[in-house]
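The values are calculated or read from the model by the stated rules, or taken from the named source; none is laboratory data. No experiment lies behind these values; they were computed from the predicted model shown. In this analysis, Cβ positions are derived from the backbone assuming ideal geometry, glycine residues included, and neighbour counts consider all displayed protein chains. Only protein heavy atoms, including side chains, enter the accessible area calculation; ligands, DNA and RNA are left aside. Shrake-Rupley method; radii C 1.70, N 1.55, O 1.52, S 1.80 Å.
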Amino acid sequence: MADPSSYRPQPGQVPDSPGVYRFRDEHRRVIYVGKAKSLRQRLANYFQDVAGLHPRTATMVTTAASVEWTVVSTEVEALQLEYSWIKEYDPRFNVKYRDDKSYPSLAVTLNEEYPRVQVMRGPKKKGVRYFGPYAHAWAIRETVDLMLRVFPVRTCSAGVFKRSAQIGRPCLLGYIGKCSAPCVGRVTPEEHRELAEDFCDFMAGRTGAYLSRLEREMHLAAEDMEYEKAARLRDDIGALRRAMEKNAVVLADATDADLIAVAEDELEAAVQIFHVRGGRVRGQRGWVTDKVEAVDTAGLVEHALQQLYGEEKGEAVPKEVLVPALPEDTPALGQWLAERRGSQVSLRIPQRGDKKALMETVHRNAQQSLALHKTKRASDLTTRSRALEEIAEALELDGAPLRIECFDISHLQGDDVVASMVVFEDGLARKSEYRRFQVKGRVGDTQVWHGEGQDDVRSMHEVVSRRFRRYLLEKSRTGEWDPQDGEDGLPEDDGKPKRFAYPPQLVVVDGGQPQVAAARRALDELGIDDVAVCGLAKRLEEVWVPGEDDPVVLPRTSEGLYLLQRVRDEAHRFAIQYQRSKRGKRLKSGPLDEVPGLGESRKRALVKHFGSVKKLRQATIDQICEVPGIGRKTAETVAAALAGAVPAGPAVNTATGEIIEDENPARAGASSERGTEQ
């Protein structure tokens with residue numbers, strides 16, 4: 001590991017001008033390429049105290065052994081040179097997007113004498129016009145099949161074309177009218193190229209003029225009583241309209257734009273691009289990348305723009321590019337895009353209307369793409385086995401942790417404190433084993449704290465204690481759970497294993513040293529010493545183990561880290577879901593909900609009889625007993641509960657300021673504290 005001060009440039013040696021810099025390792029390999037408006041200011045940032053740098057940046061500067069730079073005239077030149085060097089050197093610490101699949105495109109080979117329409121994958125070729133990419137190749141073939149009726153362009157391979165020319169007989173498509181058969185001279189090369197260009201214009205979104213022309217020709221043919229020609233044109237128009245319907249209109253103003261959205265976490269990012277031409281989504285593609293450098297959303301967008309348009313020219317670069325965040329060098333990027341297109345390009349964030357709504361759709365696709373990528377990694381058996389082995393090696397376990405349980409605490413500013421326990425067996429989620437806890441502030445019969453306020457450490461100690469206390473109970477005896485165990489343990493007499501019956505090999509907690517220490521202390525108090533404990537801290541994805549001052553740092557590409565992260569995220573999701581549900585029920589509860597033994601039917605009967613909770617509160621016990629199904633004991637309980645409840649504040653008309661009498665039965669279930677919530 002190199003000391004950055006050993007290769008730091010001398011003061012005044014670095015110029016204060018735009019340029020591109022390269023960090024090289026001890027073997028002279030380029031490991032990072034970057035650009036800057038001011039090389040002096042940017043490079044000075046890398047040679048601060050290593051402890052103050054972002055962990056990924058610190059890893060890069062300590063891996064490097066030298067730095068060099070090239071001065072350029074403008075920021076646009078710096079952008080172009082940076083892109084060229086990243087392509088040339090493939091530096092390990094630069095963000096590099098990789099396609100999560102090989103997307104097919106509709107291609108028209110305008111570089112051939114007789115252009116051909118076909119499905120293409122892989123790198124783009126010079127002289128070929130591309131449309132898409134599309135999600136599925138069959139979608140392209142269905143569209144082409146409809147279009148060939150109107151634009152009978154050649155679709156055959158070079159071998160089939162040559163063979164038909166030799167024998168003087170076209171293929172089947174030539175006989176059924178879906179190819180103009182240039183192979184046998186039915187059309188000239190110029191006429192066939194004109195057909196191909198019309199096909200490209202229609203696919204590019206210039207559909208209105210062409211359909212209008214066909215409709216005029218159809219009407220003229222009908223007026224001239226050329227009914228067969230008119231019928232053929234009618235069918236052609238119908239085919240084109242069906243082809244257009246395959247791409248729904250998303251922007252009403254016939255916009256040509258690309259929409260780019262990013263979904264990211266600490267380690268990876270997914271980028272989704274929707275290609276909109278003529279107001280219709282003409283293609284979609286996505287990338288997934290490892291976040292190997294300290295980069296935010298704006299930086300990810302900049303890298304995506306470079307990769308997306310680095311090899312494009314002309315109309316392949318749209319008039320408008322919509323992004324979730326503007327890169328630092330937005331003017332330079334806009335100029336670079338304009339040079340590649342040959343005209344002005346708008347680079348901006350959509351603020352309202354259809355474009356913002358479509359951007360939200362693109363973002364949801366990016367989130368799904370990232371989730372699917374992580375799921376694929378986790379579902380692969382080899383990957384899962386390697387992940388478990390890496391965890392065992394990093395934590396120095398005796399064997400692979402085939403059962404992992406993860407705990408997380410969730411609350412809203414100290415209220416509605418709950419916890420979740422998720423279970424992963426053999427690297428896969430076992431949702432039937434998931435459990436959730438209400439944090440009570442006690443372990444067994446001992447009150448350890450009042451259960452209020454933001455104290456995740458004591459909550460973690462309580463939850464882990466309760467979980468393993470049940471394990472010990474089940475281990476020592478068979479039969480029903482202790483009735484004091486409440487909602488976490490119910491009798492199960494169907495022969496199935498009792499809840500909490502199996503111990504994990506590894507307990508993971510969401511948090512750092514304090515939460516890990518609390519979990520370990522809970523296990524020690526119960527005498528359990530054969531279960532390992534670790535914690536995963538969110539900020540830097542560090543793995544903490546009990547009794548250690550420094551965390552275990554798993555490599556960024558470690559499958560073990562991916563698995564731990566997925567377990568932690570699942571526990572967090574499950575806890576948040578329970579906490580929100582609990583909070584929602586509390587906010588919707590009313591004073592009658594606190595009456596023990598009073599079900600929904602009798603609550604409705606009370607409200608219906610008296611008209612409102614306010615009038616019910618004013619009623620005597622004898623009047624309450626008049627309600628069908630309400631006995632004297634229940635009436636006394638209802639009266640006592642309502643007498644102790646704080647009455648709701650009066651409803652106020654916010655327009656006039658007048659107080660509204662509460663005569664509405666619908667308010668009966670509302671919270672008695674609604675007056676303060678408004």
Within segment 58-90, of all residues that are of a type in the set (Val, Ile, Thr) and in contact with a Phe, Trp or Tyr (Cβ under 7 Å, 6 or more places away or on another chain), the one surrounded by the most Cβ atoms within 10 Å (Cβ to Cβ) is VAL61
By residue number, the members of segment 320-360 that are touching a residue at least 24 places away in the same chain (Cβ under 8 Å) and more than 21 Å from GLN80 (Cβ to Cβ) are GLU320, LEU322, PRO324, ALA325, ARG348, ILE349, PRO350, ASP354, LYS355, LEU358, MET359
Checked segment 184-235 for anything open to solvent by 30 Å² or more (accessible area, probe 1.4 Å), of a type in the set (S, T, N, Q) and under 29 Å from ARG280 (Cβ atoms); matches are SER212
(request) Check whether at least one residue in segment 514-527 is loosely packed, with under 15 Cβ neighbours inside 10 Å, in a loop (DSSP other than H, G, I, E, B) and not aliphatic (A, V, I, L, M), and report yes or no. (result) yes
Within segment 208-255, restricting to residues that are of a type in the set (Val, Ile, Thr) and touching a helix residue (DSSP H, G or I) at 6+ places or on another chain (Cβ under 6 Å), the one that is modelled with the lowest pLDDT is VAL250
- Query: Quick check: anything in segment 110-122 of a type in the set (Phe, Trp, Tyr), farther than 30 Å from GLY310 by Cβ and open to solvent by less than 20 Å² (accessible area, probe 1.4 Å)?
  - Reply: no
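Taking into account only those residues within segment 309-339 that are among the aliphatic types (A, V, I, L, M) and more than 20 Å from the chain's Cα centre (by Cα), which is nearest to LYS356 (Cα to Cα)? Before you say what the answer is, go through the steps one by one.
So the first thing to find is which residues in segment 309-339 are among the aliphatic types (A, V, I, L, M), and the list is 316-317, 321-323, 325-326, 332-333, 337-338.
Applying the additional criterion that residues be more than 20 Å from the chain's Cα centre (by Cα) yields 316-317, 321, 332-333, 337-338.
Values: ALA316: 22, VAL317: 20, VAL321: 13, ALA332: 24, LEU333: 22, LEU337: 22, ALA338: 23 Å.
Among those that are among the aliphatic types (A, V, I, L, M) and more than 20 Å from the chain's Cα centre (by Cα), it is VAL321.
Quick one: which helices (runs of 4 or more DSSP H) sit completely within segment 123-205 and have at least 2 residues that are touching a helix residue (DSSP H, G or I) at 6+ places or on another chain (Cβ under 8 Å) and at pLDDT 80 or above?
Because the criterion is at least 2 residues that are touching a helix residue (DSSP H, G or I) at 6+ places or on another chain (Cβ under 8 Å) and at pLDDT 80 or above, the helices (runs of 4 or more DSSP H) in segment 123-205 that meet it are 158-167, 189-203.
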Given the conditions (1) surrounded by 19 or more Cβ atoms within 10 Å (Cβ to Cβ); (2) modelled with pLDDT under 80; (3) hydroxyl-bearing (Ser, Thr, Tyr), every one holds for THR557 apart from (1)
Checked pairs for segment 421-441, first within 14 Å of CYS406 (Cα to Cα), second among the aromatic types (Phe, Trp, Tyr) and part of a strand (DSSP E or B), C-beta under 8 Å and 6 or more apart or across chains, list as MET421/PHE407; MET421/PHE437; ARG430/PHE424
Of the conditions (1) crowded, with 22+ Cβ neighbours inside 10 Å; (2) of a type outside the set (A, V, I, L, M); (3) over 18 Å from HIS363 (Cβ atoms), the single one that GLU293 does not satisfy is (1)
Within segment 26-68, of all residues that are polar (S, T, N, Q) and within 31 Å of the chain's Cα centre (by Cα), the one farthest from PRO15 (Cα to Cα) is THR59
Among (1) surrounded by fewer than 16 Cβ atoms within 10 Å (Cβ to Cβ); (2) in contact with a strand residue (DSSP E or B) (Cβ under 7 Å, 6 or more places away or on another chain); (3) not aliphatic (A, V, I, L, M), GLY342 falls short only on (2)
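Within segment 288-305, how many residues are part of a loop (DSSP other than H, G, I, E, B) and charged (D, E, K, R)?
Step one: of segment 288-305, the residues part of a loop (DSSP other than H, G, I, E, B) are 291-296.
So of that shortlist, the ones also charged (D, E, K, R) come out as 291, 293, 296.
Residues that pass the stated criteria total 3.
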By residue number, the members of segment 59-79 that are at pLDDT below 85 and in contact with a helix residue (DSSP H, G or I) (Cβ under 6 Å, 6 or more places away or on another chain) are VAL72, GLU75, VAL76, LEU79
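Just the residues that are of a type outside the set (Gly, Ala, Ser) and surrounded by fewer than 22 Cβ atoms within 10 Å (Cβ to Cβ), please, taken from segment 544-553. If you could, list the steps in order and put the result at the bottom.
Applying the first criterion (of a type outside the set (Gly, Ala, Ser)) to segment 544-553 yields 544-546, 548-553.
VAL545, PRO546, GLU548, ASP549, ASP550, PRO551, VAL552, VAL553, listed by residue number.
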Listed by first then second residue, the pairs whose first member lies in segment 601-618 and is of a type in the set (Ser, Thr, Tyr), whose partner is not in a helix (DSSP H, G or I), with beta carbons under 8 Å and at least 6 positions apart or on separate chains, are SER601/GLY629; SER612/ASP662; SER612/GLU663; SER612/ASN664
Residues of segment 206-228 being under 24 Å from TYR130 (Cα atoms) and assigned to a helix (DSSP H, G or I), in sequence order, are GLY208, ALA209, TYR210, LEU211
Within segment 254-267, the residues that are crowded, with 19+ Cβ neighbours inside 10 Å and assigned to a strand (DSSP E or B) are ALA257, ASP258, LEU259, ILE260, ALA261, VAL262, ALA263
Out of (1) in contact with a helix residue (DSSP H, G or I) (Cβ under 8 Å, 6 or more places away or on another chain); (2) in a helix (DSSP H, G or I); (3) more than 30 Å from LEU506 (Cβ to Cβ); (4) open to solvent by less than 30 Å² (accessible area, probe 1.4 Å), the one PRO327 does not meet is (2)
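Would it be correct to say that TYR46 is aromatic (Phe, Trp, Tyr), at pLDDT below 85 and either more than 30 Å from LEU372 (Cβ to Cβ) or surrounded by fewer than 16 Cβ atoms within 10 Å (Cβ to Cβ) (or both)? Write out each step before concluding.
Numbers: aromatic (Phe, Trp, Tyr): yes; at pLDDT below 85: no; either more than 30 Å from LEU372 (Cβ to Cβ) or surrounded by fewer than 16 Cβ atoms within 10 Å (Cβ to Cβ) (or both): yes.
When the stated conditions are applied, TYR46 does not pass them.
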